[in-house]
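Peer 1: Once you've had a glance at the structure underneath, I'll fire off some questions.
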Amino acid sequence: MKSSDSLNSYIVLARKYRPADFSSLIGQEAMVTTFANAFKSNRIHHAYILTGVRGVGKTTTARILARAFNFADKNGAHPTLDLSNKGVHCQEIIEGHHVDVIEMDAASNTGIDNIREIIDSINYSPASAPYKVYIIDEVHMLSTAAFNGLLKTLEEPPAHVKFIFATTEIRKVPITILSRCQRFDLRRILPETMTKYLNEILQKEQIEVEQEALQMIVRAGEGSVRDCLSLLDQGIAHGEGKIKANNIKEMLGLADKSKMIDLFEMLMRGEISQALELAREQYNAGCDAKAIIQDLANLSHLTTRMKIVPTANKDISLTPDESKRIPEMANNLSMATLTRTWQILTSGLEEVTKANDQIQAVEMVLIRLCYVADLPSPNELIKRIEKQTSEQQNPNSTRISKNNTSENTNIRSVISSSSALQNHKLLLPSLKLPLVQTQKTMRN
């Protein structure tokens, strides 16, 4: 029988590989350079505010800074960013229980009373380290009274006090606080940087991985290191020590990328019956209904981007199918088609989210998309009408047939439908045929 110590000995990847110095912090080179220059010239501010999305290293950066402020070795105390060797206080700061580095979660300590405790304590000298460092996480959650109580102290703190604030909602922090701090915006981690980082960790852990699976994890992580490492942990457990693409698809509720490209092409060709069958097949295979619409919207955006930026197909996070097939679609589809497709899918995503039966809502969005996505723009249709009008007024022009009169009526109907599209009223009762067929009829 295993002891309780062995059962609890596992440390999650996000904690195990948490950076202890700036040399192992990825994706934040601009911020690290600024800090390095500030320490080198001894221009160290008394208050910093770090902002960025979840999991990009705000709290980690705050702890590294606290370690840098309080670095001391056999030569005495001297702030430095060269943390290759641990100082006297480093281990306790890294573990988060140094007496002079006080971390407070503003989400659960929001009131003026909590700030009063800080104000009362800053007058006392540090117990052992050179500086008292106050790290306040999610600082935007503080009440108005708490922020006001902090102003004077933040403007003129004692020489032995440093403040480091972290927040995901920088706009909710009063300007009076921001003006007293140096602000650093931590960026999302780029896909290629994240992929390289995760591969290095997997090599250390001796875990086999399929690169397609890793690309899915990087996409799902949305630039957050913590999210990617959590998904990596989950993927390792799900695949019994191996990370495979099929397992990650099942774990995340994702559709097969090649199948989604097939679905997108069917919709653009007006093949609604086949499209509905493929969508239902993906749903029955375990794909989330919302994920179908989201993936189609992503494909619409990616196709539009490749139409404008042809080199976008070299993105490391793309699958081989995406790199090869999407540029072909970008060449064949008009910009008007792609932008309308995006509008329909994004508005449809909200409908699917609110629907009681999401797969039914998905099918209705796909039907609407199939009939409307390739609709000519109102400007194009107006030009056609103007051309027909000029031909009718020109005695030398060929006599307009009855079919053209009928076509003129159809064009007005389509213009009315296009106007409805602008108001998100996308039902087209006047169109009896899929859009591509209707256009062919109009051309004839």
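Here, each number is a calculation from the coordinates, and none is a lab measurement. Note that the structure is predicted; figures quoted are calculated from it, not measured. In this analysis, Cβ positions are derived from the backbone assuming ideal geometry, glycine residues included, and neighbour counts consider all displayed protein chains.
Peer 1: Once you keep just the Cα pairs under 8 angstrom separated by 6 or more residues, what percentage relative contact order results for the chain? Please list the in-between numbers first.
Peer 2: On the way: 555 pairs, mean separation 56.7, N = 444.
With pairs under 8 Å counted, the relative contact order is 13 percent.
Peer 1: On to the next question. By how many degrees, 0 to 90 and rounded to 10, does the Cα axis of helix 378-393 deviate from the longest principal axis of the chain?
Peer 2: 20
Peer 1: Suppose every Lys and Arg Cβ carries +1 and every Asp and Glu Cβ carries -1, with no other charges. What dipole size does segment 116-223 come out with about its Cα centre, to the nearest 20 debye? Display every interim value, and only then the final one.
Peer 2: Working: 13 positive and 15 negative charges, 117 e Å.
About 560 debye.
Peer 1: Right, another one. Give the whole-number value, in cubic angstrom per residue, of the convex hull volume spanned by the C-alpha atoms of the chain.
Peer 2: Details: hull volume 98.3 nm³, N = 444.
In the chain, the Cα convex hull volume per residue is 221 Å³.
Peer 1: Okay, moving on. At a 10 Å Cβ-Cβ cut-off, how would you order 256, 321, fewest neighbours first?
Peer 2: On the way: 256 20, 321 15.
Lowest count first: 321, 256.
Peer 1: Cut-off is 10 Å between beta-carbons; in what order do 17, 10, 371 appear when sorted fewest neighbours first?
Peer 2: Working: 17 18, 10 9, 371 24.
Taking fewest neighbouring Cβ atoms as first place, the list is 10, 17, 371.
Peer 1: While we're looking at this one, here's another question. In deg cm²/dmol and to the nearest 500, what is the mean residue ellipticity at 222 nm of the chain if only DSSP H runs of at least 4 residues count, each as -39500 (n - 2.57), divided by the residue total?
Peer 2: Values: 21 runs with 252 residues, N = 444.
About -17500 deg cm²/dmol.
Peer 1: Which order do the peptides 104-114, 279-289 come out in when sorted by mean C-beta neighbours inside 10 angstrom, highest first?
Peer 2: Numbers: 104-114: 15.2, 279-289: 17.5.
Highest mean packing first, the order is 279-289, 104-114.
Peer 1: While we're on this one: Placing one identical point scatterer on every Cα of segment 141-289 and ignoring solvent, what is log10 I(q)/I(0) from the Debye formula at q = 0.16, 0.18, 0.19 Å⁻¹?
Peer 2: One equal scatterer on each Cα of segment 141-289 leads to -0.90, -1.00, -1.06.
Peer 1: Continuing with the same structure: Calculated FRET efficiency, residue 269 and residue 178, Cβ-Cβ r, R0 56 Å, to nearest 0.05?
Peer 2: Numbers: r = 52 Å, r/R0 = 0.94.
That pair, residue 269 with residue 178, gives E of 0.60.
Peer 1: What fraction of the DSSP beta bridges in segment 9-185 is antiparallel, stated in percent and rounded to the nearest 5? Please list the in-between numbers first.
Peer 2: Details: 2 of 22 bridges.
Roughly 10 percent of the DSSP beta bridges within segment 9-185 come out antiparallel.
Peer 1: What do you get for the angle between helix 335-354 and the principal long axis of the chain? Use alpha-carbon atoms, 0 to 90 degrees, nearest ten.
Peer 2: Rounded to the nearest ten degrees, it is 60.
Peer 1: Still on this structure: When the label point is put 7 Å from the Cα of residue 360 along its Cα-to-beta-carbon vector, which residues of segment 272-302 have a backbone N closer than 11 Å?
Peer 2: none
Peer 1: Also, quick follow-up: Among 303, 141, 93, which residue has its Cα positioned farthest towards the positive end of the charge dipole of the chain, with +1 placed on the Cβ of Lys and Arg, -1 on the Cβ of Asp and Glu, and the dipole taken about the Cα centre?
Peer 2: Value computed over the given set: 303.
Peer 1: Applying a 10 Å radius around every beta-carbon, put 353-362, 213-222, 20-29 in order of their mean neighbour count, most first. Each step should come with its number before you reach the end.
Peer 2: On the way: 353-362: 14.8, 213-222: 20.5, 20-29: 17.3.
Peptide ranking by packing, descending: 213-222, 20-29, 353-362.
Peer 1: How much net charge surrounds residue 17 when only other residues with a Cβ under 12 Å from its Cβ are counted (Lys, Arg +1; Asp, Glu -1)?
Peer 2: Values: positive: 15, 16, 18, 204, 226; negative: 200, 205, 233.
Summing Lys and Arg as +1 and Asp and Glu as -1 gives +2.
Peer 1: Determine, for 248, 272, the number of other Cβ atoms within 10 Å of each Cβ, and report the residues in order from fewest to most. All intermediate terms of the calculation are to be shown ahead of the outcome.
Peer 2: Numbers: 248 25, 272 19.
Going from least to most buried by this count: 272, 248.
Peer 1: Measure nothing but the geometry: give the 0 to 90° angle between the long axis through the Cα atoms of 402-422 and the longest principal axis through the Cα atoms of the chain, rounded to 10°.
Peer 2: 20
Peer 1: Also: Excluding residue 70 itself, calculate the net charge of residues whose Cβ lies under 15 Å from the Cβ of residue 70, where each Lys or Arg counts +1 and each Asp or Glu counts -1. Could you put the intermediate results ahead of the total?
Peer 2: Working: positive: 63, 67, 86, 132, 162; negative: 21, 73, 82, 92, 95, 100, 103.
Here the count lands on -2.
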